[in-house]
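This report concerns only the one structure given below.
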């Protein structure tokens, strides 16, 4: 058996206690085994980001997040500042990077993603004593303007559902509009998550999709505890899902496929295989264009659900619970300005108080007659 090649001679000055030093030694040995170790002091930004993605991101982050950070580093960060030695990286280097990217036409959102990735990477470098401070803390990140929402009106709502009834995704889009669930949540739902008798659906996992990767679909738990939730179904939505299951059963029987099990996906191809998220998005686009609602995005179905509820007098806390927001402030900040008529209704409520008092009501009438 061939002996393993010995590690090359290297040294590194480390400031910390014995436990931290041993931890750093193990990290160095792992990097040497993987061929990605670079002597401290000689490490470039490109070298470090490569190590960070491999050793720290892959074991602890979702595949989708790793793919995003890898793309950001490979396309936007490394070509610009990759040759700079890590210890010589300054806040001005980052500020220049962000300014150049914005000037080239890159969106503020993507530039902010660059900042997030760099900040996380440098924070880790500080944690393992490669750097004494995170220079990204001193950089002014670009501001992102809130993307304009296009929720459906009540007329748009019914027009879209009439058009969707003729397509293959009627039950999916119906549930999307009536529950406010995220696309990743709907596509991960199993029949075991649906209680048709109790008229509720449980959000217990999400679909992760990575384009261009083998085994690109995976399922994972929701990011936060608030995202894991029970959502009440309207009677009509429960009936739609019941009919959807019967249609699935009939199709499987005609194709001589096994019957539906509780672990099968609610929304899938006829053979039970998962639907791809881009497929659903393209189907939505075709539908809204076909019924004259071009410009209303798939995510606007969630906005539609959120903006209709306050108009119906639903308490914001219930809106938050149905949408799976981590805090009620997120719900209020996002949707309070897109529900027309709520401010006027609040003002009118005070006049209703006066009407209950005949004396005050007469005084108001006298004022109006002057």
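Some notes on this structure:
- Point-to-point label distance, residue 127-residue 216, nm (Cα→Cβ direction, 7 Å offset): 3.0 nm
- Given R0 = 22 Å, the distance between the Cβ atoms of residue 84 and residue 108 translates into a calculated FRET efficiency of 0.40.
- A straight line joining the Cα centroids of the range 56-120 and the range 175-211 runs 33 Å.
- Length-normalised contact order for the range 154-338 - Cα pairs under 8 Å, 6+ apart - percent: 26 percent
- In percent, rounded to a whole number, the relative contact order of the range 109-247 is 17, using alpha-carbon pairs under 8 Å and six or more apart.
- Using the Cβ-Cβ distance between residue 23 and residue 327 with R0 set to 25 Å, the FRET efficiency works out to roughly 0.10.
- Residue 168-residue 239 FRET efficiency (beta carbon distance; Förster radius 25 Å; 0.05 resolution): 0.85
- Length added when fully stretched, residue 291-residue 195, from 0.36 nm per residue minus Cα-Cα: 31.3 nm
- Normalised by the number of residues in the range 18-138, the mean separation of alpha-carbon contacts (under 8 Å, six or more apart) gives a relative contact order of 25 percent.
FYI, it's all coordinate maths here, none of it is from the lab. What you are looking at is a predicted structure, and each value in this text was computed from that prediction instead of being measured. Glycine also receives a Cβ, built like all others from the backbone with ideal geometry; neighbour counts cover every protein chain displayed.
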